[in-house]
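Coordinate-derived values only; no laboratory data. As the structure is a computational prediction, the values presented were derived from the model and not from experiment. Don't worry about glycine lacking a Cβ; one is built from the backbone with ideal geometry, like all the others, and counts go over all protein chains shown.
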Amino acid sequence: MLFASRLPATLDFILPRRAGWPLFAASHEALSRPGTRLAFTAGVSLLMIAALARFAWLAGAAVRGRTWTPAMFLARGLLLAVVVALTRWSFAIWFEVSQKVWFPFGALNALEPFANLLVCSLAAFAAMASALACLSSRPEPLRALLSWAAADALAAFLAFSAYGAWAPAPATAEARRLFVVLTEEEGRPGRAVYDLPVSAEREVAGAGARRLEALRALYERRAKLMDPAGLRSALMLGVKFNDDLARSLLLEHLSAAPPSPEALGALGALADETAHRIGPMGASRIALAYAHLGDAAQAAVWAERGAAGPRGIPAGLLDLRGGGALKPGRISGRVNGLKPLRVALYRKSDPAAPYLLDAAGLTASAEPDAEGRFSFAGLGAGRYYLAFAFEPVDREIRVLGHRGDLSLDARKTALDLPALTIK
């Protein structure tokens, strides 16, 4: 059951290349079918019910026909409470180490299902055997319980010292920033204002129980700081540590980033088939990213890859036109009034998409000069919107001079915006 819950949501995207792939592919295929899934659930349920029934029968045989004094009843109750506590700790220690450190979610390590089966079976067997020993007429469970408790304590100590399991999250100071996002609703310009915390930098441990948490906090921090280059570096680090969210976010971000050799290099790392298995959906999204970055040849290759197989996406459904940087591909303007810390440009992939301060849409950012001027160049065709980061203020924010979303295409390759006033 643990193994089934750790299978990837789909095999059609970008997954790490592991030697145990046939096991995961076969299991995913089997459990994706309603009949097989029902049979699996019924089989596991029957095994659990049979084990519990056997244990109940043995426990009944151990206590049948015996007279219990209050002292005996209390002593055995306390021993059974110790068994329950040790069982809980055995599973807690294993899950902490296996699912947070040894087998991070999405790792596709073939050892995981077998290790889960072995350790969980041993813990369940130890619990049932110890409980039966506590209920027997001449119980001698103390040596077994002490050995079990010592093994749990040693495992907990090693997990804590080596991986930081159960260690509290480090206390980090949080600064706050005020974000003003320029929007367009039903053809009318508008604005949204957010007062959000920006956490301090955290170290990403090489093999810690909080590594995944620290990685995702790093993505969030880079996005809120409006730092596209830092965001790409953080996401590449997440890809190295096999975070499936990092792969997805990086691919979306590269589909919004300005075409550049650095962006093509990051996309090439995602499209590296020596490190990843890439299904039809992943291939199609890589094709769209290559098209956006102006590499038509690679876009065509990956579109053909994405169309292969019964679950393929026909290349005709992908819009691979109009990619690459425009010349000059520039959006420039000036902001008066409150001086922002950063000005960021976000790509709006669809007119109906929400206005988000997300990692996926962050295209470029700049610090305005002393007169409030800013400029972004080398952009591709598309629809964009602006956002500004300020130190927090406790007054209402007003925006004057905002005309709505910004669009670049082959006919309009540059936009010089009228002055914006934010007060």
Sorted largest first, the Cα spans of the stretch 204-317 on the principal axes come out in Å as 42, 28, 21
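Beta carbons within 10 angstrom, averaged per residue: use that to sort the peptides 217-228, 71-82, highest first. Before the final figure, lay out each step's value.
Numbers: 217-228: 20.9, 71-82: 13.2.
Going from most to least packed, we get 217-228, 71-82.
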Work through the residues other than PRO22 whose Cβ is under 13 Å from its Cβ and net out their charges, Lys, Arg +1 and Asp, Glu -1.
+2
Most mobile of ALA129, ALA377, ALA352 per a Gaussian network model of the chain (Cα springs, under 10 Å)?
ALA352
Of the candidates ALA169, ALA149, ALA364, which one comes out as most mobile in a Gaussian network treatment of the chain with C-alpha springs shorter than 10 Å?
ALA169
Taking amide hydrogens as modeled 1.01 Å from N in the peptide plane, which residues meet the under 5 Å criterion relative to ARG177, leaving out close sequence neighbours?
LEU196, VAL198
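Run lengths n ≥ 4 of DSSP H only: what is the helix-derived mean residue ellipticity at 222 nm for the chain, with -39500 (n - 2.57) per run over all residues, to the nearest 500? All intermediate terms of the calculation are to be shown ahead of the outcome.
Values: 12 runs with 193 residues, N = 423.
My calculation for the chain gives -15000 deg cm²/dmol from helical runs alone.
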Cβ density ranking, 10 Å radius, fewest first, applied to ARG191, ARG143 yields ARG143, ARG191
Out of all DSSP beta bridges with both ends in the chain, state the antiparallel percent to the nearest 5.
85
Using only the Cα atoms of the stretch 330-422, each taken as one equal point scatterer with no solvent, compute I(q) by the Debye sum, divide by I(0), and report log10 of the ratio at q = 0.15, 0.17, 0.19, 0.24 Å⁻¹.
-0.58, -0.75, -0.93, -1.43
Its Cα gyration tensor gives the stretch 2-163 an equivalent ellipsoid whose semi-axes in whole Å, largest first, are 38, 22, 9
Using a Gaussian network model of the chain with C-alpha springs under 10 Å, which one of GLU184, GLU252, GLU371 is most mobile by mean-square fluctuation?
GLU371
In sequence order, calculated HN-Hα J values of the stretch 29-40 (Karplus, 6.51, -1.76, 1.60; Hz; x Gly/Pro):
5, 5, 7, 7, 8, x, x, 5, 5, 5, 5, 4
Once mean projected area of the Cα convex hull in nm² is worked out from the coordinates, which option in (1) 21.3; (2) 27.7; (3) 26.7 does it equal?
(2)
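Pop out the Kirkwood hydrodynamic radius of the stretch 270-322 from its pairwise C-alpha distances, inverse of mean 1/r, in Å to one decimal. Please report the intermediate quantities before stating the final value.
On the way: mean 1/r = 0.0932 Å⁻¹.
Result for the stretch 270-322 stands at 10.7 Å.
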Karplus (6.51, -1.76, 1.60) ³J(HN,Hα), θ = phi - 60°, over the stretch 85-98, in Hz, Gly and Pro reported as x
5, 5, 5, 4, 5, 4, 5, 4, 5, 5, 5, 4, 7, 6
